[in-house]
Amino acid sequence: MARYNFKTTETKWQRFWEERGCFAATEDRSRPKYYVLEMFPYPSGRIHMGHVRNYTLGDVVARYKRARGFNVLHPMGWDAFGLPAENAARDSKVHPTKWTYDNIATMRTELKSMGLSLDWAREIATCHPGYYRHQQKLFLDFLKAGLVYRGEAFVNWDPVDHTVLANEQVIDGRGWRSGAVVEKKKLSQWFLKITDAADDLAAALDTLERWPEKVRLMQENWIGRSEGARVNFRIQGRSDPIEIFTTRHDTLFGASFLAIAPNHPVALELAKTDPKLKAFAAECARGPVGEAALETAEKMGYDTGLKAIHPFVANKTVPVYVANFVLMEYGTGAIFGCPAHDQRDLDFARKYTLPVLPVILPKSADPKTFQIADEAYVGDGVAYNSDFLDGLEVDAAKSAAADRLERDGAGTREIMYRLRDWLVSRQRYWGCPIPVVHCDVCGIVPVPETDLPIVLPDDVTFDVPGNPLDRHPTWRHVACPSCQKPARRETDTFDTFVDSSWYFARYCSPRSDKPVERDAVDYWMPVDQYIGGVEHAILHLLYSRFFTRAMRHTGHLGLDEPFAGLFTQGMVCHESYRAEDGKWLYPEEIERRGDDVIQTATGRPVAVGRREVMSKSKKNVVAPSKIIGTYGADTARLFMLSDSPPDRDLDWSEAGIEGAWRYVNRLWRLIAEAEVKGPPSPQSRPASLSPAADAALRTVHKTIHWVSWDLDRFHFNKAVARLRELTNALEELKDDDGSAWVKAEGLARLVQLIGPMMPHVAEELWQVMGNTTSLAETPWPAYDPALIDEQRVTLAIQVNGKLRATLDMPVDSDRESIETEALAHPNIAPLVGGKPVRKIVVVPNRVVNVVL
RNA sequence: GCCCCGGUGGCGGAACUGGCAGACGCGGCAGACUCAAAAUCUGUUGGUGGCAACAUCGUGGGGGUUCGAGUCCCUCCCGGGGCACCA
């Protein structure tokens, strides 16, 4: 038997699986279904190690569940719209369509070389009209259902990418892709009403039991639900009140000012006749941009001269300021300031010498002496200085204050969200066209469904910035569907996050002439296990949860939550290297000489940076195609699963991949070169087994049990460790009673258990062992519960809590014999001597502690 | 500043509900095979002391609960992530 040839073997089985259609999924109501999905890739050109990790994890789950009898759906596709295609078109004169489909072709080949158990017949690409026409249909349905609106608002404008961005796509005041400082522009844009679902999106997080706590928390923070009250402050000399939002209506008696946003309607009105205010507002608008500036930005205010009348105290008034720290976008754009119990208000009050009246008394404080110095008191306590609220705890005081406001018609209870509506229009070419027409007579007219899809024109150029659709000579000119007069097509396209908000549903019936077939989605959805990076914790996952609700609302789906289980994998890291001139070097450009690291080309020393996420800019990347070409897919997959728990970052190392490679070959030698056949028939099992063979057989069954346990819990690194232990145990078996039978049995089970991780070599070994069915179609092995239970255990014997000896005893030995044996142990007896034993703690099958 | 999650040998990491810390792998050391190397195999590998059996220290620091703490409680330090004029 020759050495293992991964190249021919991997190709052989990939072809076998494909020709047999092993992974083609069909609805089969006689079996439980299991939908495994990994986040689909953006076709950037080549797959990277992050993809290899992501898809390996998903494939292990898919193959394991399939072996366990589930009807598995495991599809793949392409998140194919997006700006990089346009940048490539501009820079290299390749059309986005060609660029994208070429990349898809390359990446599909690379993915196929990994041996993933995918149903490729369901492949979709979001840039294909066969996909996006249905997205246009969904949009029209949403429009009809009132889930979409066109609104004018201050939006985030990215001056580099020449498009607007959603709030979620602005990080620290910069565009998430371009890194450019975003500008606030007032534009007319398309929005999806995600805020209508805010309450439900927040509340339903509790039902997502198989989601990481961290992700649920991030979403909760992002939605930012806060319970409070709207309060109207009447203004002396004006008919209209100023409405504020607060969560601390219990501290209303401590109010010492009102503050409104510089672009609050009242501020804008006053600014018309007050040049100083106008100048102040202009300064605020320019304001500090960027993270650091915001942090230290001083609280600034401008006294409007208006006096607001306290809602509870008719003869009390407070000044109204315009303040730079009040945001028009949140709440009502106006607040009341209670300096004693809010740090920001306190800073402001100190600056403008406004009164600071404490109205909440900490539990142990004395009302006569309690004072506010430099720090506001934001904790719990009891209301005082507060008339009818006096003596009430914070929560009770809030409730009482809200009751009074509602009774007096001065305010209402209100729940506010940080979440804003989802801005979905983008001024870009390479996206799904928004199917509406602008008519001077009829206004905004939806495109009739019979006209779908609205297809992107091919003849576009990218030599000037901006949206090519806007300057296309003919595409945008169209007759109004309603009045037939000349009108203009919408030239904005959808945010690509719209594309990825329903692809998981499309996979259920990928070629349907409707967006989804109810039969198919009702069978397959929800996704049982979704796997991807944490970086999508908010954007993609929140949008998808909303979209699913919207699709239910419009009758396309019958459920609210698309992903029943979510797993977020860690990233793949590597050291980075820098030459003396500061330029980054690829790992293959360096070599190690003893403890030194040098640049191969120059022989000069290299600065080794810390391990961080692989990125092209730092060149600390390893190409999957190279690794698969050198070691094969199984080795790459095994390495991805070994050592690091999948939710943590993984350090890529040459030594690690070598270790995985050695294991593949070791398995091969152990089975193929030794010509072991198996599994042997149960009838051929020898009547007597040597103690070693018996122990090994027990290890086999325990391993089946624990590997299954680990795979169910995503503990892949532990499963690998257990399989290596089994390998060691079987390898050590000598030629005594029954060991040949146990070895054949054990190795066959080992091959089955490792199948989901290293499917090619496992299939090959399974065949070499004489099996005629493929492993992909073989059920998961079962263990014999009788062989799982230990018969003897090693007890730890402690004296005063310190380990002094161990004791081998039958399982469930009685307390008395354990105590007797322990005290008689040669290591223990001298330590106890004649001293009186205070007590003996016996934990069954674990430990004996002799306390002196 | 607030909210999460981490901190265990030279390294990645094990340790189910408090019960033999360091499974498994990487790396190291010694040896076998070899003209030699690679590959492979065998042994060994937390620190300190000892020829040894063994002793002793040891899970970021300090304190506590317990017969017994990597695990529970308090407190501090360090690393990573999220949020941040959100009223």
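The values are calculated or read from the model by the stated rules, or taken from the named source; none is laboratory data. Just so you know, these numbers come straight off a predicted model, no measurement behind them. Glycine also receives a Cβ, built like all others from the backbone with ideal geometry; neighbour counts cover every protein chain displayed.
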- Message: Yes or no: region A:551-562 includes at least one residue that is under 30 Å from A:LYS193 (Cβ atoms) and either of a type in the set (S, T, N, Q) or at pLDDT below 95 (or both).
- Response: yes
- Item | Sole residue being touching a Cys at 6+ places or on another chain (Cβ under 9 Å) and at negative phi, chosen from A:PHE233, A:PHE245, A:PHE253, A:PHE191 | A:PHE253
- Query: Do any residues in region A:205-221 that are farther than 18 Å from A:GLY570 by Cβ and among the hydroxyl-bearing types (Ser, Thr, Tyr) have Cβ atoms under 9 Å from those of residues that are within 9 Å of RNA strand B (Cβ to nearest atom) and assigned to a helix (DSSP H, G or I), where the two are at least six apart or on different chains, and which pairs are they?
  - Reply: none
- Go through the residues of region A:419-435 one by one and say whether even a single one is surrounded by fewer than 19 Cβ atoms within 10 Å (Cβ to Cβ), in a loop (DSSP other than H, G, I, E, B) and modelled with pLDDT under 95. yes
- Task: Go through (1) buried (at least 19 other Cβ atoms within 10 Å of the Cβ); (2) within 16 Å of RNA strand B (Cβ to nearest atom); (3) over 30 Å from A:PHE16 (Cα atoms); (4) not hydrophobic (A, V, I, L, M, F, W, C) and name the single condition A:ASP789 misses.
- Result: (1)
- Of everything in region A:241-269 that's of a type outside the set (Gly, Ala, Ser), under 42 Å from the mean Cα position of the chain (by Cα) and assigned to a strand (DSSP E or B), which residue is nearest to A:THR353 (Cα to Cα)? A:LEU258
- Looking for whichever is away from RNA strand B (no atom under 11 Å from the Cβ), among the β-branched types (Val, Ile, Thr) and touching a Leu at 6+ places or on another chain (Cβ under 8 Å) here; the options are A:ILE223, A:ILE242. Which one fits? A:ILE242
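This table checks each residue for (1) closer than 28 Å to A:THR493 by Cβ; (2) not in a helix (DSSP H, G or I).
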position: A:SER30; (1), (2): no, yes
position: A:TYR55; (1), (2): no, no
position: A:TYR64; (1), (2): no, no
position: A:THR100; (1), (2): yes, no
position: A:LEU116; (1), (2): no, yes
- Scan region A:610-655 for residues that are free of Cβ contacts under 8 Å to residues at least 24 places away in the same chain, surrounded by fewer than 19 Cβ atoms within 10 Å (Cβ to Cβ) and within 20 Å of A:SER113 (Cβ to Cβ) and report the count. 3
- Task: Quick one: which residue in A:VAL837, A:VAL843, A:VAL850, A:VAL832 is within 15 Å of RNA strand B (Cβ to nearest atom), surrounded by 19 or more Cβ atoms within 10 Å (Cβ to Cβ) and over 30 Å from A:ASN728 (Cα atoms)?
- Result: A:VAL850
- Note on the structure: Of the listed residues (A:THR412, A:THR353, A:THR332), the one being under 24 Å from A:ALA267 (Cβ atoms) and not in a loop (DSSP other than H, G, I, E, B) is A:THR412
- Query: Taking region A:300-338, which residues are near RNA strand B (Cβ under 7 Å from one of its atoms), of a type outside the set (Phe, Trp, Tyr) and within 21 Å of A:VAL356 (Cβ to Cβ)?
  - Reply: A:ASN324, A:VAL326, A:ILE335
- Taking region A:810-829 and keeping only residues that are surrounded by fewer than 17 Cβ atoms within 10 Å (Cβ to Cβ) and touching a strand residue (DSSP E or B) at 6+ places or on another chain (Cβ under 6 Å), one is left with A:PRO810, A:VAL811, A:ARG815, A:GLU819, A:ASN827
- Among the residues of region A:717-739 satisfying the criterion of being more than 10 Å from RNA strand B (Cβ to nearest atom) and crowded, with 16+ Cβ neighbours inside 10 Å, which is nearest to the chain's Cα centre (by Cα)? A:LEU730
- Message: Out of everything in region A:348-363 that is under 11 Å from A:ALA323 (Cβ atoms) and in contact with a Phe, Trp or Tyr (Cβ under 9 Å, 6 or more places away or on another chain), what residue ends up being nearest to RNA strand B (Cβ to nearest atom)?
- Response: A:PHE348
- Message: Looking at region A:120-158 only, could you name the residues that are touching a strand residue (DSSP E or B) at 6+ places or on another chain (Cβ under 9 Å), part of a helix (DSSP H, G or I) and aliphatic (A, V, I, L, M)?
- Response: A:LEU140, A:LEU143
- Query: If you check A:HIS705, A:HIS760, which single one turns out to be within 16 Å of RNA strand B (Cβ to nearest atom) and touching a residue at least 40 places away in the same chain (Cβ under 8 Å)?
  - Reply: A:HIS705
- Looking across region A:183-212 at residues that are small (Gly, Ala, Ser) and modelled with pLDDT of 90 or more, the single one that is farthest from A:HIS540 (Cα to Cα) is A:ALA203
- Checked pairs for region A:139-168, first of a type in the set (D, E, K, R), second within 16 Å of RNA strand B (Cβ to nearest atom) and not in a helix (DSSP H, G or I), C-beta under 7 Å and 6 or more apart or across chains, list as A:ASP158/A:LEU165; A:ASP158/A:GLY175; A:ASP158/A:VAL182; A:ASP161/A:GLY175; A:ASP161/A:ARG177; A:GLU168/A:ILE538
- Query: Taking region A:245-262, which residues are aromatic (Phe, Trp, Tyr) and either over 28 Å from A:TYR384 (Cβ atoms) or more than 11 Å from RNA strand B (Cβ to nearest atom) (or both)?
  - Reply: A:PHE253, A:PHE257
- Among the numbered criteria (1) buried (at least 22 other Cβ atoms within 10 Å of the Cβ); (2) free of Cβ contacts under 8 Å to residues at least 40 places away in the same chain, which single criterion is violated by A:ARG15? (1)
- Report those helices (runs of 4 or more DSSP H) wholly inside region A:438-552 carrying at least 1 residues which are more than 16 Å from RNA strand B (Cβ to nearest atom) and surrounded by fewer than 19 Cβ atoms within 10 Å (Cβ to Cβ). A:518-524
- Item | Where a residue in region A:445-474 is at positive phi and its partner, wherever it lies, is buried (at least 19 other Cβ atoms within 10 Å of the Cβ), with Cβ under 8 Å and at least six apart | A:GLY466/A:GLN427
- Query: Is there a residue in region A:803-821 that is within 12 Å of RNA strand B (Cβ to nearest atom), touching a residue at least 40 places away in the same chain (Cβ under 8 Å) and either within 30 Å of A:PRO679 (Cα to Cα) or out of contact with any Phe, Trp or Tyr (no Cβ under 8 Å at 6 or more places or on another chain) (or both)?
  - Reply: yes
- Query: Are there any helices (runs of 4 or more DSSP H) wholly within region A:598-696 with 3 or more residues that are within 16 Å of RNA strand B (Cβ to nearest atom) and over 30 Å from A:TYR577 (Cβ atoms), and if so which?
  - Reply: A:654-668
